[in-house]
Amino acid sequence: MTTASTTGIREGYEEKYGFHDTEQHVFKSRRGLSREIVQEISEMKGEPLWMRDYRLKALEIFEKKPMPTWGGNVQEIDFQNIYYYVKPTSEEAKSWEDVPADMKRTFDRLGIPEAEQKFLAGVGAQYDSEVVYHKIKESLEKQGVIFLSCDHALKEHEELFKQYFGTVIPSTDNKFAALNSAVWSGGSFIYVPKGVHVDVPLQAYFRINTKDMGQFERTLIIVDEGAYVHYVEGCTAPTYSSDSLHSAVVEIIVKAGARCRYTTIQNWSNNVYNLVTKRAVAYRDATMEWVDGNLGSKLTMKYPSVYMMEPGAHGEILSIAFAGKGQHQDAGGKVVHAAPHTTSKIISKSISKDGGRAGYRGLVKVAKGATDCKSTVNCDALLLDEQSRSDTYPYMEIEEDRVSIGHEATVSKIGDEQLFYLQSRGIDKEEAAAMIVSGFIEPIVKELPMEYAVEMNRLIQLQMEGSVG
Amino acid sequence: MTTAELKTPTGFDVEWAARAEALAARSGEPAWALERRRAAAAIAGSLSFPSREHELWRRTDFRTLETEIEKLDPCTESPAARTLDDLPTAIRSWIGDHDASALVVQRDAGVVFERVPASLARQGVIACSMGRALRDHAGKLTGTLGALLEPDYDWYVAIGAALRTGGAFVYVPEGVEAAAPVRLFHWIDGGGRLSVPRSVVVLGRGAKATVVEELLSETADGISFYGGGTEVYLGEESKLIYGTLQDWGRNVYHYSNQRARLDRGAELQWIQTVLGGRMAKCNSYFNLAGPGSQAYVHGFMFGDQRQHFHLHTLQRHLVDHTTSDLLIKGCLKDRARSIYQGLIQVSEGAQRTDAYQANRNLLLSDTARADSIPGLEILANDVRCTHGATIGHVDPEQMYYLMARGLPRMEAQRLIVEGFFAPVLDRIPLENVREQLRQVIQHKIG
């Protein structure tokens, strides 16, 4: 079932997530990217013409845009060696029993049905290119909450979909957003009607199974006036010796007085390039919160952003990045104050270990006319050994005088005194170090739903194993 | 490729370089230095204007200068001054009445006045024009001129190394505590000038000195360009206070590159102020190359009207047990814009680094703009590196407090701005210079 990996993976990952199923798909595109492939994807999905044209136009943009030369090393990505579309099953299952046995086994092992029973209002699971399972609590459905895969939403709610799709992140935004726009498949579509408060989180789980696979899910969330939703996503992949590409686009619209929280626990295997564009627009008195945990992947370049479009909007980004051996986490966030009386807060915690490189790259922008804005940024980095590296690149662009903008960052190691204190109380060094790291990220972990907080702490402990000699 | 990259300004600089070389050869520059000019000219020919895609050029657009630069004259010579009275009045007032410093005064392309007080001469302190130093002290320059500021850094630095006009050389021998400060002046006489001096400051082991560099001119018609470079070498256990103050007229484009290297136990107090010019871009790099070395950097920028300032600092911790502490303040009014781009780099193995970087910005108008980009790149773990940046406006409560005590609004604002600059101003070594700067600031507040 599991393959022995040639890449250096994080301890514990192989046993828990590193397995992969025998590939059983009903359709797999040829390797590589071309107009024909894009047309084929669109045809397979039976999409309306406008979407096909949108994809083809995005492909042209992708081909024209240069690769980014900053951030991490993306030059090794071979776009022609990737499978852009792998359809694992013919139908999206409505009940857990209908999910094909091998996939069910995968998600069983990852604990999806368990989680669903326990505390989730709805759950979606994506396997390679397609969402294979989707379910939402009946009570929510009755209130008009839509939680579907993006493909289904396009079929069932075309008008609503078309109204918002690509409005927050146009395909011209960056090279990888263009790529996603051309070959997107799967992802979640959520619509929360006016005033509806979704008490328990909606969850999606993303899994890459096929070797050399590219996953390009597209998520679109619309939180109507005064509504609330918390969306949680998790990601894993098997450990192959060649690299995979995950390039998602997430668009969120938070209308007046609404609140949206989007939590990610990214735990891809160490051979996934994770190049994701996430952006939210928040209107009058709306609140958008990103909770972004990056533990896995070979390279992550992800800067969730909040554009505050009307007075009273608030944006918050909590980011944890943990880079182990061979990993580069270029995480961060962007807040754009486009209206007066808007506020934002960014807290970033990064940890580097075993030669890993973790960093914060962020932007605080106050546009002309956006007076009386307030923004604070706090970045803390912890370096666990001499080989590791930490970077902080905060950008502040301020075009108004009546504002208050602050940025603070610190980089340090685990304090010898802290270690000594714990050890003198009989805790062994390794455990003590793990404790200190847990304490370091505590301000963010406490924002996670309990089950995720537990999982997060466990993942950190796994990462920490054997870290103190 | 941007259009800027396509426009390779080769051709005309060859003619420039030939003129500059002929001028240098006439003044008796040694063959090795002439050879370095030719090498730099060849590098300049292979480069083009910095691309606007480049991280350090994305926010500062020198296009107006670049379209005019061909027409500028790099070799305008001014007559030598026999006494202080032959110098422009503005310089005389900055020098002050009872000044006992060593002086090296450059006007346009050449140094026109040099004075070393007997007390310094007795100590073996050298303070002279770069031209004289190349003739008389070549042995002290072969390993220092162009060693920290390499000509292939960018096109501007390359033409600077090829055309080099003027500049100063300061040398304080081992164990000597210089009896008087050294002041380096640079004056530009009008529009159409291109001035690219290169200066070198060397402190021997255990030496102590104060050097102040003052760049001044009156606003004139037509663009002028200053592209100066300074290399500062601090020997083991030496101590240097270095002030670099700029108040150009509004026709001057300024692009300076200053580098300092600190050996074991050396201490540098660096003060940098940016007040004048149409656009000013300053790159100040501090290489902490010996254990125990310490760099303290204080600076401010004060822009008004449409001034554009861009200060880039680099605190490079190359070895273990080094300290750096930096505070840059920016104040902007009208439509002025400032960019502070700072980076702390900690090399692999540079354990026990203690680095701090702070940037504080005060915006006085809603059309001013301040960008702050403080960065950290840390490759060692046993370090303490922090930075902070703030951007804000004049606190209404402070204004209210002062106005409630009968101060008119402008007066209250002036006090607050002065208070904002005070921590940096107080570090400027010479009382007369502090006073001059205070006046410039007051004048700018209006």
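Only a single criterion out of (1) in a strand (DSSP E or B); (2) surrounded by fewer than 20 Cβ atoms within 10 Å (Cβ to Cβ) is not satisfied by B:LEU402, namely (1). Taking only pairs six or more apart or across chains, which ones have beta-carbon atoms under 6 Å, a first residue in region B:172-188 that is closer than 14 Å to B:LEU203 by Cα and outside any strand (DSSP E or B), and a second residue that is at pLDDT 95 or above and of a type in the set (Val, Ile, Thr)? So the pair list comes out as B:ALA178/B:VAL125; B:ALA178/B:VAL172; B:PRO181/B:THR210. Would a scan of region A:195-209 turn up a residue that is crowded, with 23+ Cβ neighbours inside 10 Å, at pLDDT 95 or above and over 15 Å from the mean Cα position of the chain (by Cα)? So far as region A:195-209 goes, no, none of its residues is crowded, with 23+ Cβ neighbours inside 10 Å, at pLDDT 95 or above and over 15 Å from the mean Cα position of the chain (by Cα). Under the condition of being at the interface with chain A (Cβ under 9 Å from one of its Cβ atoms), surrounded by fewer than 24 Cβ atoms within 10 Å (Cβ to Cβ) and in contact with a Leu (Cβ under 7 Å, 6 or more places away or on another chain), the residues counted in region B:342-357 number 2.
Would you confirm, using the coordinates I've provided, whether B:ASP85 is farther than 23 Å from B:LEU23 by Cα, in contact with a Lys or Arg (Cβ under 9 Å, 6 or more places away or on another chain) and in a loop (DSSP other than H, G, I, E, B)? Against the criterion (farther than 23 Å from B:LEU23 by Cα, in contact with a Lys or Arg (Cβ under 9 Å, 6 or more places away or on another chain) and in a loop (DSSP other than H, G, I, E, B)), B:ASP85 does not qualify.
Only residues that are touching a Ser or Thr at 6+ places or on another chain (Cβ under 6 Å) and in contact (Cβ under 8 Å) with a residue 60 or more places away in the chain: list them for region B:43-73, please. Of everything in region B:43-73, just one residue is touching a Ser or Thr at 6+ places or on another chain (Cβ under 6 Å) and in contact (Cβ under 8 Å) with a residue 60 or more places away in the chain, namely B:SER48. Taking region B:176-225 as the range and being in contact with a Pro (Cβ under 9 Å, 6 or more places away or on another chain), hydroxyl-bearing (Ser, Thr, Tyr) and either buried (at least 20 other Cβ atoms within 10 Å of the Cβ) or outside the structural domain of B:ASP73 (by TED's automatic domain parsing) (or both) as the test, the residues that pass are B:SER195, B:SER217.
Of the residues that sit in region B:358-376 and are small (Gly, Ala, Ser) and assigned to a strand (DSSP E or B), which one is farthest from the other protein chains (Cβ to nearest Cβ)? Lay out the reasoning, then the answer.
Of the residues in region B:358-376, the ones small (Gly, Ala, Ser) are B:358, B:365, B:368, B:370, B:372, B:375.
Restricting the remaining residues to those that are assigned to a strand (DSSP E or B) gives B:358, B:370, B:372, B:375.
Working: B:ALA358: 10, B:ALA370: 5, B:SER372: 4, B:GLY375: 5 Å.
Looking at residues that are small (Gly, Ala, Ser) and assigned to a strand (DSSP E or B), I get B:ALA358.
Got at least one residue in region B:328-340 being within 27 Å of the chain's Cα centre (by Cα), over 25 Å from A:GLY356 (Cα atoms) and at the interface with another protein chain (Cβ under 8 Å from one of its Cβ atoms)? No. Of the residues making up region A:177-194, those that are surrounded by 24 or more Cβ atoms within 10 Å (Cβ to Cβ) and touching a strand residue (DSSP E or B) at 6+ places or on another chain (Cβ under 8 Å) number 12. Annotation: A:PRO311 fulfils all but one of (1) outside any strand (DSSP E or B); (2) modelled with pLDDT under 95; the unmet one is (2). The single residue among A:GLU400, A:GLU430, A:GLU442 that is surrounded by fewer than 17 Cβ atoms within 10 Å (Cβ to Cβ) and touching a Gly at 6+ places or on another chain (Cβ under 8 Å) turns out to be A:GLU430. Being at pLDDT 90 or above, over 19 Å from A:ASN378 (Cα atoms) and within 22 Å of the chain's Cα centre (by Cα) holds for only one residue in B:ALA358, B:ALA370, and it is B:ALA370.
Does at least one position in region B:429-445 carry a residue that is surrounded by fewer than 15 Cβ atoms within 10 Å (Cβ to Cβ), without any contact (Cβ under 8 Å) to a residue 60 or more places away in the chain and within 7 Å of chain A (Cβ to nearest Cβ)? No: region B:429-445 contains no residue that is surrounded by fewer than 15 Cβ atoms within 10 Å (Cβ to Cβ), without any contact (Cβ under 8 Å) to a residue 60 or more places away in the chain and within 7 Å of chain A (Cβ to nearest Cβ). Among the residues making up region B:377-409, those that are closer than 19 Å to A:PRO340 by Cβ and more than 7 Å from chain A (Cβ to nearest Cβ) are B:VAL394, B:ASP395, B:PRO396. For residues that are in a loop (DSSP other than H, G, I, E, B) and under 17 Å from B:GLN272 (Cα atoms), scanning just region B:203-231, find the one that is nearest to the chain's Cα centre (by Cα). Looking at residues that are in a loop (DSSP other than H, G, I, E, B) and under 17 Å from B:GLN272 (Cα atoms), I get B:GLY228.
Inspect all residues belonging to region A:239-261 and state whether any of them is outside any strand (DSSP E or B), touching a residue at least 24 places away in the same chain (Cβ under 8 Å) and charged (D, E, K, R). Explain how you work it out, then say what you get.
So in region A:239-261, the residues outside any strand (DSSP E or B) come out as A:239-243, A:247-248, A:255-258.
Cutting the leftovers down to touching a residue at least 24 places away in the same chain (Cβ under 8 Å) gives us A:239-243, A:247-248, A:255-258.
Subsequent filtering for residues that are charged (D, E, K, R) retains A:243, A:255.
So far as region A:239-261 goes, yes, one or more of its residues are outside any strand (DSSP E or B), touching a residue at least 24 places away in the same chain (Cβ under 8 Å) and charged (D, E, K, R).
Could you say whether any residue in region A:308-324 is under 24 Å from A:GLU130 (Cα atoms) and among the small types (Gly, Ala, Ser)? There is no residue in region A:308-324 that is under 24 Å from A:GLU130 (Cα atoms) and among the small types (Gly, Ala, Ser).
The values are calculated or read from the model by the stated rules, or taken from the named source; none is laboratory data. Every value quoted in this text rests on a predicted model; they were computed, and no experiment measured them. Please note: Cβ atoms are built from the backbone with ideal geometry, for glycine as well, and neighbour counts cover all protein chains shown.
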